[in-house]
Amino acid sequence: MTDVHAPQSQSESVAGEDKAKNPFGAKKKQSEVDPASGGIFEPAPGGPGGSSPREATANVGWLRWGWRQLTSMRTALILLFLLALASIPGSILPQDGTEPAQVQQYFTSHPALAPWLNRVDLFNVYASPWFAAIYLLLFASLIGCVVPRTFRLVGSARTLPPRAPRNLRRLPHSSSYQSTLPPAQAVEGAAAVLGKQRFRLRRADADATDYWVSGEKGYLREVGNLLFHLSLLGVLLSIAAGGLFGYKADKLLVQGQTFADTTSALDEFFPGRLVSGSDLAPFSMTLNNFTATYVESGESRGQPSSFNADVTYTSSPGAKPGHYNIRINDPLAVDSTKVYLIGHGYAPEFKVTGANGKVAYQEATPFIPANTSTFESDGVVKAPDASLGFMGVFVPTGISVGGTLESIFPAADAPAVSLIGYSGNLGMNDAASQSVYTLDTTGLTKISGSPQLLQPGQTWTLPGGKGSITFVGVKQWVSLQITYDPGQIPALVCGILALCGLLLSFFVRRRRVFVRAVPAKSGTGSVVTVGGLTRLDASGGFEEEFVELAAEIAAAEPEVKQ
Amino acid sequence: MFKAKRRTVVTVTAVAAVLLAAALAVTFFTQEKDVIAASDTNVVVYPVGHQPLAPDFTGTSLTGATIKLSSYRGKILVLNFWGSWCPPCRDEAPTLEVLDEQYSPKGVAFLGDDVGDTPANALAFMSSHAITYPSINDQGYQIVQDLSQAVPVRDTPTTVVIDKTGHVVGMVLGSVSYGEMTTLLHDAAVNT
């Protein structure tokens, strides 16, 4: 990430070049000397502690050493690797944020393992302290690395070329020619050619006794470098802004239902650090219809082929209603908030009457798919005002296999439910919240005749005059994810800019050309030497450029004469 | 070679130590936040002069009548957000009914806002808890959204006390207690 060549890497010598006289040679800064290799700072034996001035210096040294380790590229890479590693459980295990029902399912199917995984936040990886620790450290590491480099790059992009070395023949590329002009004019002529070629020039001091000009080109490399580093900072800040001011929320919505975007209407709400409930976009939406189509035949029979959630929405109370079809990867955008379709299921509608014959419950009740290929779903019906509760299995296309109800197709072609009834106090009059997807059967009495199979329109009259339950029909529900991430677009722009910067810094070479003229031994004219140097010319090309340039400088002679 | 190996070991150890320290720090801070939230009082009282004006709204009651907030001007109003699916709402229902019986003769009105519910379930709830005051059918939480412009109605149940001039005196987040409500009603009566 930061191995784009920053100025301090100039200390590496160019192949075949005398290191002591390296025209690129910048002295290695003392602060860059690695303490662990016995450099300028050697940590005091015994480590930090104590209060003598010497030990205090040692403590500061330890801190500086720690900071340098943290901001070193090796640490950044380790942290990046750890971040990738830490994301693995997040993609393998169901996550509370996106699939709470599957998490519940996991707890049921792995009763011994799940609590242990939960203890180390493996069902909520991205919000866990250890995940936060990794990315916070990565942030610190990258910022600590990028900020100082940015300043150095600004300095490097502004510096003049170095003075021309004394002996240009020792440079990797050099040539010389005889000029009829005196040295000062010969050098001026060469400077004019270099200037035309947009080299940045540096001339000898006015009182100097020798004649030379230095030219340097390819500062775009540093600009690219700078762009890359600044964009990287931009990416980090955008992500941070998204984390601070963005939010994510989940909502399960049944066909025909409306919901207004408020915290109490949302099933799950994950606000950024600086987000409160009043920052939610004041939109509301109604799910008019949801259609899912499935492959009817062939090998992939039962595979979904399309999803479409037809919604009506208003961007704020009283605003003109809009209409949209939300599909997978085609979210509804309300102002800057996006509403994604992330799941769906069935909500069989039940009507429960109590012992007094009055309706105690009538609602399309969301059931959670236990099998996402056949959409066999589990759910509960709670009618506390009739002291009745039911656990049910819903099958969209049901057949009886040896007396057991099974689903053979995900579309609701032959829907049926199998219900087990319970009577008694459902415990819903206590202040403690309980899941709407589970029924605690402690203290309840199982109703005889269970399980009862019902098809739409059928009623099960409960024994003992306890009441009845009717399977009215089937609706569908969708699971929506509402996200607001103000950092998304800036992060994308910065990412593209970073790439542009990286490409510039890869493809543009810094190259230096020096011209020196000395009076010819014959007394008239001069001997002009042209030397060229580039760094990291891995892709080649400078040799030809240098030859052409040297020829052009030599050929420019007559122009100077005029 | 040996030195390089030692350096790697030192670096990895240092990184691991810093990681551990950071993880502990993050855990510590998040836990502390939870403790504050848990010990936080669930009653919000707005000081005189800073009482937000409740935005007017119109809704339809569970029995089909039109209900307008502004028609309650001149009375102290207890506005309770509830749902038949919500255990804490069932928990607080008897308290609210007792308060209704005691304070209605003193000119205090009670109004429910039934959220995320069906009329059938809500009416069964009201019948079994002998709730006599009306409730708005607010399945889609629109009234909650309207009122959230003035006060944070974050969860269900929430109970808001509005004075005779339409200003919010205070609110109870979660199940109400008799004492909390009588204090708020006293404040509302004193203020206006």
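Which count do you get for residues in segment A:282-292 that are more than 14 Å from chain B (Cβ to nearest Cβ) and part of a loop (DSSP other than H, G, I, E, B)? If you could, list the steps in order and put the result at the bottom.
Restricting attention to segment A:282-292, the residues satisfying the condition of being more than 14 Å from chain B (Cβ to nearest Cβ) are A:289-292.
So of that shortlist, the ones also part of a loop (DSSP other than H, G, I, E, B) come out as none.
Number satisfying all stated conditions: 0.
Within segment B:117-137, track down each residue that is in contact with a helix residue (DSSP H, G or I) (Cβ under 7 Å, 6 or more places away or on another chain), within 14 Å of chain A (Cβ to nearest Cβ) and touching a residue at least 40 places away in the same chain (Cβ under 8 Å).
Within segment B:117-137, B:A124, B:F125, B:I136, B:N137 meet the criteria.
Being away from every other protein chain (no Cβ under 14 Å), surrounded by 21 or more Cβ atoms within 10 Å (Cβ to Cβ) and part of a strand (DSSP E or B) is the filter here; which residues of segment A:369-385 pass it?
Initial filter on segment A:369-385 (away from every other protein chain (no Cβ under 14 Å)): A:369-378.
Now drop any that are not surrounded by 21 or more Cβ atoms within 10 Å (Cβ to Cβ), which leaves A:369, A:375-377.
Once the filter is applied, which keeps residues that are away from every other protein chain (no Cβ under 14 Å), surrounded by 21 or more Cβ atoms within 10 Å (Cβ to Cβ) and part of a strand (DSSP E or B), segment A:369-385 yields A:P369, A:E376, A:S377.
Tell me, which residue of segment A:421-433 that is surrounded by 15 or more Cβ atoms within 10 Å (Cβ to Cβ) and within 11 Å of chain B (Cβ to nearest Cβ) is modelled with the highest pLDDT?
Among them, the one singled out is A:L426.
What is the number of the single condition among (1) outside any helix (DSSP H, G or I); (2) over 14 Å from B:T159 (Cα atoms); (3) more than 8 Å from chain A (Cβ to nearest Cβ) that B:D114 does not meet?
Among (1) outside any helix (DSSP H, G or I); (2) over 14 Å from B:T159 (Cα atoms); (3) more than 8 Å from chain A (Cβ to nearest Cβ), the lone unmet condition for B:D114 is (2).
Is segment B:118-130 home to any residue that is assigned by TED's automatic domain parsing to the domain that holds B:D187, buried (at least 22 other Cβ atoms within 10 Å of the Cβ) and touching a Gly at 6+ places or on another chain (Cβ under 7 Å)?
No.
Among the listed residues A:L405, A:L439, A:L388, A:L341, which satisfies the condition of being in contact with a Leu (Cβ under 8 Å, 6 or more places away or on another chain), within 30 Å of A:H323 (Cβ to Cβ), crowded, with 16+ Cβ neighbours inside 10 Å and more than 10 Å from chain B (Cβ to nearest Cβ)?
Details: A:L405 fails: within 30 Å of A:H323 (Cβ to Cβ); A:L439 fails: within 30 Å of A:H323 (Cβ to Cβ); A:L388 fails: within 30 Å of A:H323 (Cβ to Cβ).
Exactly one residue qualifies, and that residue is A:L341.
Which members of segment B:21-53 meet the condition of being at pLDDT 90 or above and within 14 Å of chain A (Cβ to nearest Cβ)?
B:P52
State all residues of segment A:344-367 that are within 18 Å of A:V478 (Cα to Cα), within 14 Å of chain B (Cβ to nearest Cβ) and small (G, A, S); if no residue qualifies, say none.
Hits for segment A:344-367 are A:A347, A:A364.
Considering every residue within segment A:293-311, establish whether at least one is in a loop (DSSP other than H, G, I, E, B), among the hydroxyl-bearing types (S, T, Y) and under 25 Å from A:I368 (Cα atoms). If you could, list the steps in order and put the result at the bottom.
Here is the first cut: in segment A:293-311, the residues in a loop (DSSP other than H, G, I, E, B) are A:295-303.
Subsequent filtering for residues that are among the hydroxyl-bearing types (S, T, Y) retains A:297, A:300.
Those left that are additionally under 25 Å from A:I368 (Cα atoms): A:300.
Yes, segment A:293-311 contains at least one residue that is in a loop (DSSP other than H, G, I, E, B), among the hydroxyl-bearing types (S, T, Y) and under 25 Å from A:I368 (Cα atoms).
For (1) free of Cβ contacts under 8 Å to residues at least 12 places away in the same chain; (2) surrounded by fewer than 18 Cβ atoms within 10 Å (Cβ to Cβ); (3) at positive phi, each residue gets a yes or a no:
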{"residue": "A:D261", "(1), (2), (3)": "no, no, no"}
{"residue": "A:L274", "(1), (2), (3)": "no, yes, no"}
{"residue": "A:E299", "(1), (2), (3)": "yes, yes, no"}
{"residue": "A:D310", "(1), (2), (3)": "no, yes, no"}
{"residue": "A:S336", "(1), (2), (3)": "no, yes, no"}
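Could you check how many residues of segment A:442-464 are of a type in the set (A, V, I, L, M) and either within 14 Å of chain B (Cβ to nearest Cβ) or within 19 Å of A:A370 (Cβ to Cβ) (or both)?
Start the filter on segment A:442-464 by keeping residues that are of a type in the set (A, V, I, L, M), which leaves A:444, A:447, A:453-454, A:462.
Subsequent filtering for residues that are either within 14 Å of chain B (Cβ to nearest Cβ) or within 19 Å of A:A370 (Cβ to Cβ) (or both) retains A:453-454.
Final tally of qualifying residues: 2.
For segment A:191-213, which residues satisfy the criterion of being of a type in the set (S, T, Y) and surrounded by fewer than 20 Cβ atoms within 10 Å (Cβ to Cβ)? Before the answer, list the steps.
Residues of segment A:191-213 of a type in the set (S, T, Y): A:209, A:211.
Result: A:T209, single match.
Residues A:G298, A:G318: which one is within 13 Å of chain B (Cβ to nearest Cβ), farther than 30 Å from A:C494 by Cα and either more than 28 Å from the chain's Cα centre (by Cα) or not basic (K, R) (or both)? First the steps, then the outcome.
Working: A:G298 fails: within 13 Å of chain B (Cβ to nearest Cβ).
That would be A:G318, the only listed residue that is within 13 Å of chain B (Cβ to nearest Cβ), farther than 30 Å from A:C494 by Cα and either more than 28 Å from the chain's Cα centre (by Cα) or not basic (K, R) (or both).
When you check A:S278 against the structure, is it within 14 Å of chain B (Cβ to nearest Cβ), free of Cβ contacts under 8 Å to residues at least 60 places away in the same chain and out of contact with any Ser or Thr (no Cβ under 6 Å at 6 or more places or on another chain), yes or no?
On the way: within 14 Å of chain B (Cβ to nearest Cβ): yes; free of Cβ contacts under 8 Å to residues at least 60 places away in the same chain: yes; out of contact with any Ser or Thr (no Cβ under 6 Å at 6 or more places or on another chain): yes.
When the stated conditions are applied, A:S278 passes them.
Counting only residues that are outside any strand (DSSP E or B) and among the small types (G, A, S), which one in segment A:209-224 is farthest from A:R535 (Cα to Cα)? Let's see the steps before the verdict.
Kept after step one, since they are outside any strand (DSSP E or B), are these residues of segment A:209-224: A:209-210, A:218-224.
After this cut, where a residue has to be among the small types (G, A, S) as well, the list is A:218, A:224.
Values: A:G218: 11, A:G224: 16 Å.
Of everything passing the filter in segment A:209-224, A:G224 is farthest from A:R535 (Cα to Cα).
When only residues in segment A:245-265 that are in a loop (DSSP other than H, G, I, E, B) and more than 9 Å from every other protein chain (Cβ to nearest Cβ) count, which is modelled with the lowest pLDDT?
Taking segment A:245-265 and keeping what is in a loop (DSSP other than H, G, I, E, B), we get A:246, A:255-257, A:261-265.
Still in the list and also more than 9 Å from every other protein chain (Cβ to nearest Cβ): A:246, A:255-256.
Numbers: A:G246: 89, A:Q255: 95, A:G256: 94.
The selected residue is A:G246.
Determine which single condition A:E216 fails, assuming it passes every other condition in (1) among the acidic types (D, E); (2) closer than 29 Å to A:V154 by Cβ; (3) surrounded by fewer than 20 Cβ atoms within 10 Å (Cβ to Cβ).
(3)
Among the candidates A:F245, A:F290, single out the residue that is aromatic (F, W, Y), touching a residue at least 40 places away in the same chain (Cβ under 8 Å) and more than 16 Å from A:S479 (Cβ to Cβ).
Working: A:F290 fails: more than 16 Å from A:S479 (Cβ to Cβ).
Step by step, each of A:F245, A:F290 is checked, and only A:F245 is aromatic (F, W, Y), touching a residue at least 40 places away in the same chain (Cβ under 8 Å) and more than 16 Å from A:S479 (Cβ to Cβ).
Tell me, which helices (runs of 4 or more DSSP H) wholly within segment A:71-159 include 3 or more residues that are among the small types (G, A, S)?
So the answer is A:73-92, A:129-158.
Among the candidates B:T60, B:T66, B:T95, which residue alone is without any contact (Cβ under 8 Å) to a residue 60 or more places away in the chain and of a type in the set (S, T, Y)? Outline the logic, then answer.
Details: B:T60 fails: without any contact (Cβ under 8 Å) to a residue 60 or more places away in the chain; B:T95 fails: without any contact (Cβ under 8 Å) to a residue 60 or more places away in the chain.
Only one candidate qualifies: B:T66.
Which of (1) without any contact (Cβ under 8 Å) to a residue 40 or more places away in the chain; (2) over 21 Å from B:G166 (Cα atoms); (3) surrounded by 14 or more Cβ atoms within 10 Å (Cβ to Cβ) does B:S84 not meet, given it meets every other one?
So the condition that B:S84 fails would be (1).
Suppose we keep only residues that are under 17 Å from the mean Cα position of the chain (by Cα) and assigned to a strand (DSSP E or B) within segment B:117-160. Which one would you say is nearest to B:L173 (Cα to Cα)?
It comes out as B:T158.
The values are calculated or read from the model by the stated rules, or taken from the named source; none is laboratory data. It should be emphasised that the depicted structure is a prediction, and the values quoted were computed from it without experimental measurement. Positions of Cβ are backbone-derived with ideal geometry, glycine not excepted, and every protein chain shown enters the neighbour counts.
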